[in-house]
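Just below is one structure, and these are the notes that go with it.
The values are calculated or read from the model by the stated rules, or taken from the named source; none is laboratory data. Note that the structure is a prediction, hence the values are computed from the model and not measured. Note that each Cβ is placed from the backbone with ideal geometry, even for glycine, and that neighbours are counted across all protein chains shown.
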Amino acid sequence: MIILSTHLLSILFRQLIGKPIDCIHDNNKEQIIWQSLRSLHNVGPSHIIMSSISAAKTGGKETMLQMYASSKTSDNQYQTFRIDFPHLEGCFTGTGDSFSALVLAWFHREYNLIVSSLCCFLHKFLHLPFSFLQSACEKAISVIHQILLKTIGKFLYSSIHIILKSFI
């Protein structure tokens, strides 16, 4: 599994594939992202996540971020998905590392829980779509988002408290 920021993906893509990720200047930047993920699959990894893309770069709202992911199945098909989530203002350290750790933990947990359950039966024999990776990414984004909201709230509370103390 590879989890990359857009900056690292651009460097890796250029090294492995031989051309920059932004070499095509057309209106469908989202299609370029999907093609880039498929090209990286050809190098070897079965799961790839590209996180923290400004939605404005792909025609979305400036207040949103996007995460793109792709899994290559054993029959050479691709399960792809995109998750949009709110951009929170601030400079936060360690969110990428935390996101990676959470995705891996949730992926492992989801896979182990579902492999032994009825959901796995339905997925295998009825061909219902289920992505362990998508479920793990959704949960990881939710956890990181909640942590950052609490961090921002505590920062604002302590800032207001310090300001009020200076007036007393």
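If we keep just the residues of the range 121-155 that are at pLDDT below 75 and in a helix (DSSP H, G or I), which is nearest to the chain's Cα centre (by Cα)? Looking at residues that are at pLDDT below 75 and in a helix (DSSP H, G or I), I get His123. Filter the range 65-120 down to the residues that are acidic (Asp, Glu) and either part of a strand (DSSP E or B) or at pLDDT below 90 (or both), then identify the one that is nearest to Phe132 (Cα to Cα). For the range 65-120, the residue satisfying everything is Glu110. Asp26 fulfils the conditions (1) at pLDDT 80 or above; (2) over 22 Å from Ile152 (Cα atoms) except for a single criterion, (1). Residue count for the range 131-157 satisfying the condition of being touching a strand residue (DSSP E or B) at 6+ places or on another chain (Cβ under 9 Å), hydroxyl-bearing (Ser, Thr, Tyr) and touching a residue at least 40 places away in the same chain (Cβ under 8 Å): 1.
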